[in-house]
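Readers should treat all values here as calculations from the given coordinates under stated rules, not as data from a laboratory. None of the values given here were measured: they were computed from a predicted structure. Because the Cβ atoms are built from the backbone with ideal geometry, glycine has one as well, and the counts that use them run over all protein chains shown.
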Amino acid sequence: MFRNYLKIALRNLLRNKLNTGINIISLAIGLSASFVIGLMVYYDLTFDTYHPDSGRVYRVTSRFTSPQDEFVNPGVPIPLPQAAREEMTGLEIVAGFNTVDLHKAGNPESGLDFKDPGPQVFADAAYFKLFKYDWLAGTPEGLGEPYRVVLTRERAARYFPELNPAQTLGKTLVYNDSIPATVAGIVAAPQGRTDLVFEEFLSSGTFQKTDRGHYAIAADWGSTNSSDQLFVRLSPGTDPTAVQKQLDRIAKAQESDYDRQYNHHRTFELQPFSDLHFNSELQTFDNGRQPATSRPVLTGLGCIALFLLLLGCINFINLSTAQADQRAREIGIRKTLGSSKKQLLLQFLGETFLLTLLAALLSIVLSYFLLDTFAEFLPEGLHFGNFRETPVMLFAGALLTGVALLAGFYPALVLTRFQPVRVLKNQVVNTPGKPTLRRILTVFQFAIAQIFIIATLLVGKQIRYMQNKDHGFRTDAIAYLHAPWHLTSLDKNERLAREIAKIPQVRAVALGGNPPASNSSSTSTAVFFRDSTEIQSPLQMLAGSREYYDLYNFEFLAGRKPLNDTILEYVINEAYLHIIGFENPEDALNQNIRMNDENRPIVGVVRDFNPRTAAAKIGPIAIMPDWDRSREYSRFNFIHLDLKNPGDGSLSPTISAIEERYKEVYPDADFELNFMDETIAGFYQDERSLAKLLGWAMGLSVLISCLGLLGLVIYTTNRRTKEIGIRKVLGASLAQLGLLLSRDFLVLVGIAFLIAAPLAGWGLYSWLQDYAYRTELSWWVFILSGVGMIALALLIMGLRTLAVARKNPVESLRTE
Amino acid sequence: MLLELNNIFKWVTQGGNRVFLLKHLDLAVEQGDFLSVMGPSGSGKSTLLHVLGMLDDFNEGEYYFQGEPVHGFRDKQRARFQKEHIGFVFQAYHLIDELTVYENIETPLLYQKVSSSERKALVADMLDRFGIVGKKDLFPAQLSGGQQQLVGVARALIGKPRLLLADEPTGNLNSRQSREIMELFQELNAEGTTIIQATHSETNAAYGSRTLHLLDGSWTSTPEP
């Protein structure tokens, strides 16, 4: 029986090559999108699931609220872990640890030094009770004393290439040339995906000996650093809210007079371990890591995959019900031969499954290319080989079955409904399956495709708008380079600037802090007194020399540059001008801003410029000369360059000339020259990724829908060959025939547009609300996409209908 | 008595009027009969055969098959009865194009849950008996009309039905092929298969043991049992 079905299924698929092709391609596209996106979801959801009872593990984080703003910090005050151990109940394990980036590790025996080896952590045995590591040598208790370190096998192999784990025990490393540590244990690399990226675990006691050690000794509740972490595991059956109450009590007890006076609050919160991977606000321990695909993005991707799958299924449903009468005879015969409806249903579902299976094979190949194309979206650890993992295979199997059922069930019902008598009497000329349903499904397909088209056009428009928007300062032919942060000195930077200025291709050089637009910013609280009211506001600070203003070409609305590079004078932007209540820039001049108990005057006002993306509203910014120089610390650790446009278009000689000067001053540092326009383009990475994704979703959904349309058009024109012949004999023109055949479908595409346009408009309107500076929701975007879709549909239909309409009517009539 | 029709009516409603396809029809068929039903096109021959073959409903009357009341059957029961006791031969052969000769003949057995080895034996017997062993791997489109009808008959007989219903079995065949099929029917009848055939041709009707004439859904003369 099975073999019989399989044979007939294969023969049927082969006989209707066009249909089979359309169905397989449509389904394969949907399936491969689902595979890839399913893989992403699976990947991101399987982080740190291998630790014992990880469901009961929480991280304690801090939240600060004040009347002005609210922010979170993934760390806790240093005394909290101790307090948790002593004062709280319901905690099975309390593991406090401190992350650190020691910039150098040395092996004194071999004399080898390792620069920036990667994140380390100061931890104790509780850390290893909470998180699962396999011990190859030593024990967690080895971390009980200061100056001990546990290494992963990989790290140990790097520091002590000759030794096996057991031999490594007792060896000594020296960190930052000053902190010795004896190897107390070797652990294997984590056995699953993890966000705990540490490879070197120094004993907690060692922490007091580092430059942040005084914090550990002071045990101050008033300061919170994101590197001071607290993880807890609740005892079985403990209600997290009960733990939260105890944390609230501790926070309340430690509130300072200042907090009470200014209505500042700090709360400690429990972050579930499973949230760690996804929470981009609280982050993980790997600063260089691409943020995990956020849950909303995963949901969005899931929707795209689902839509593509649905579109593929719709093609199958439409084509198989439209052509059901081709199979009607076989069904009638089988029924007279004694087949039950159930058997026929199973037969057709089996055929659908076979087709889905073929599509799946194709989709595996497609997935390979999709993974490649979307590499920028995907975490580094995600690759094609993940398909071999059992849960992924099970998911794929379930997906195939689901798709086969979704696509096959309705057509199977339609097919098996045929009355054998009617079939045998050749009475099935009627429309098999409801054409209404096919029309609705086609409208649905085209509406989805249309939404993707509109979205792609508009997101592209917004990106162009943001990139071309005037940033308020010069961005072309501007480059900047950063002095190495732990080696920086003003003398060297000044010398470097002088040397670089000598290069003929460099038009101008300016010392300063961060460029006007960058990913890092430093913000302080500024106080302004006006008519005896105190205006407190955050104020982003930029450090810039006098040349900095000229190089970036800031537009002064009033006032002047600071007199020299050390005088403490503020140049503010319009946003701050408005915050402190002035309309006219002139009025703000010579008013004083108080910051850190020092009053300093405003000497200039510049036009607003964008310190980051155009997505965010421009906040209050002040530019100041090197304000910490009196404290033996210079803010001027960037050198900004104005480059001449080289005639032959190549910048590389200039760049290597700059690098040469840089290496003379900082021989050990890595040279990196950044271009302002590239930096700004980098701000829009997310948007461009979105645009790329939408572009693909659009292309694929349009492709699937058009394939479906093609199949339906071929089917209808075939059915109406005779009608066309008669009409032609009666004198119908080609155009009239083309219109006749395309009209029904054009109406469907039109309806789809009417449904899609408001939906897309609404969705994009709310998307644009996230941007402070946004492009218009122009009507031409909608018209263009609608016209494009209709033109494409016409093209597809035209090719087919014209071919049929041009046939000699004598031929088509004779075949009857 | 193999089957019995009592006062069968079948009609369709067209434009508010009842159009009778079968009207006041009685019939009794004994085991071993070879009945020919004649009549012009549209007289109800096919409808009668479909009713007898339990493919089609009727509106009024009683139908007993082997003493069982078919008119009181549920769909499932009817389908089971049909599959076990009745074989069909059609004017247009109605072979499944995508299956080979062998597979076409085998199909009814698939629906009767016959074991694979038994199926093989039965189909081989049938191919042998009809002299089409050499054609078993061909598809219907590769056969002549006569050969296709042979396959059709073989398929109808493979389930060993009590009753063979043939709706103009030779309508698409030439006279030599017709004669062969009719002789085959005679042979089968002699071996005990009850046959009811609908036909236009006096010659073919003559192969049967008796002939009834149908006009506008009624017998033109009272059938004798």
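Legend: distances between Cα atoms for B:Lys113/B:Lys160; B:Lys83/B:Lys135; B:Lys45/B:Lys136; B:Lys10/B:Lys160; pairs beyond 21 Å are B:Lys83/B:Lys135; B:Lys45/B:Lys136; B:Lys10/B:Lys160.
Which net charge results for the neighbourhood of A:Asp626, defined as the other residues with beta-carbon distances under 10 angstrom from its beta-carbon, given Lys and Arg at +1 and Asp and Glu at -1? Residues close to A:Asp626 contribute a combined charge of 0. Label-to-label distance for A:Ile364 and A:Ala772 is 5.1 nm, based on points extended 7 Å past Cα in the beta-carbon direction. Applying a DSSP loop filter and a limit of 14 other Cβ atoms within 10 Å to the trypsin sites (Lys or Arg not before Pro) in segment A:455-546 leaves A:Lys469, A:Lys502. Taking the C-alpha atoms only, the angle from helix B:145-157 to the longest principal axis of chain B is near 80 degrees.
If R0 is 56 Å, the Cβ-Cβ spacing of A:Asp550 and A:Leu799 corresponds to a FRET efficiency of close to 0.35. Note on B:Ser115 and B:Asp26: with the Förster distance fixed at 45 Å, the Cβ-Cβ geometry gives a FRET efficiency of about 0.60.
Note on A:Lys341: aspartates and glutamates with a C-alpha under 18 Å away, same-chain residues under 8 apart excluded, are A:Asp325, A:Glu330, A:Glu351, B:Asp56, B:Asp57, B:Asp75, B:Glu84. Sites listed here are trypsin sites (Lys or Arg not before Pro) in segment A:562-645 whose DSSP assignment is loop and whose Cβ has at most 11 other Cβ atoms within 10 Å: A:Lys617.
Could you pull out every one of the aspartates and glutamates with an alpha carbon less than 15 Å from that of B:Lys120, ignoring same-chain neighbours closer than 8 positions? Qualifying aspartates and glutamates at Cα under 15 Å: B:Glu103, B:Glu106, B:Asp128, B:Asp137.
Each part reduced to its alpha carbon centroid, segment A:312-370 and segment A:754-796 end up 36 Å apart.
Overall form of segment B:85-167: oblate. Here a/c, set by the Cα gyration tensor axes a ≥ b ≥ c, is 1.5 or more, and a/b is not larger than b/c. Dipole of segment B:1-146 computed with +1 at Lys/Arg Cβ and -1 at Asp/Glu Cβ about the Cα centre; of B:Tyr102, B:Val29, B:Gln66, farthest Cα towards the positive end is B:Tyr102.
Tell me, in nm to one decimal, what length is gained between A:Glu494 and A:Lys469 on full extension, where the rule is 0.36 nm per residue of separation less the Cα-Cα distance?
Additional length available on full extension: 5.7 nm.
For segment A:125-199 versus segment A:93-120, the inter-centroid distance based on Cα atoms is 10 Å.
Find me the longest stretch of chain B that has none of the exposed trypsin sites (Lys or Arg not before Pro), where exposed means in a DSSP loop (not H, G, I, E or B) with at most 15 other Cβ atoms within 10 Å. Write out the running numbers ahead of the final one.
Numbers: sites that count: B:Arg74, B:Lys113.
Between exposed loop sites, the widest span is B:114-225.
Report, in degrees rounded to the nearest 10, the 0 to 90 angle that the Cα long axis of helix B:116-129 makes with the longest principal axis of chain B. Relative to chain B, helix B:116-129 is tipped by roughly 80 degrees. Annotation: the residues A:Asp228, A:Asp48, sorted from fewest to most other C-beta atoms within 10 Å of their own C-beta, follow the order A:Asp48, A:Asp228. Partner aspartates and glutamates whose Cα lies under 16 Å from the Cα of A:Lys132, excluding those fewer than 8 positions away in the same chain, are identified as A:Asp48, A:Asp53, A:Glu92, A:Asp124, A:Glu141, A:Asp195, A:Glu199, A:Glu200.
Considering only chymotrypsin sites (Phe, Trp or Tyr not before Pro) in DSSP loops that have at most 14 other Cβ atoms within 10 Å, the longest stretch of chain A without any of them is A:51-484. Helix B:175-190 and the longest principal axis of the Cα set of chain B meet at an angle near 80°. Each Cα pair under 8 Å and six or more residues apart adds its sequence gap; the mean of these over the residue count of chain B is a relative contact order of 32 percent. When you filter the GluC sites (Glu not before Pro) in segment B:156-225 for DSSP loop state and at most 10 other Cβ atoms inside 10 Å of their Cβ, you are left with B:Glu191. Comparing Cα centroids, segment B:32-64 and segment A:452-474 end up 76 angstrom apart.
Close lysine pairs were tallied over segment A:484-668: pairs 8 or more places apart or on different chains with Cα atoms under 20 Å apart number 4. Across chain A, the relative contact order, built from alpha-carbon pairs under 8 Å that are at least six residues apart, equals 14 percent. Basic side chains Lys and Arg get +1 at the Cβ, acidic Asp and Glu get -1 at the Cβ, and with that the dipole of segment A:484-668 about its Cα centre reaches some 240 debye.
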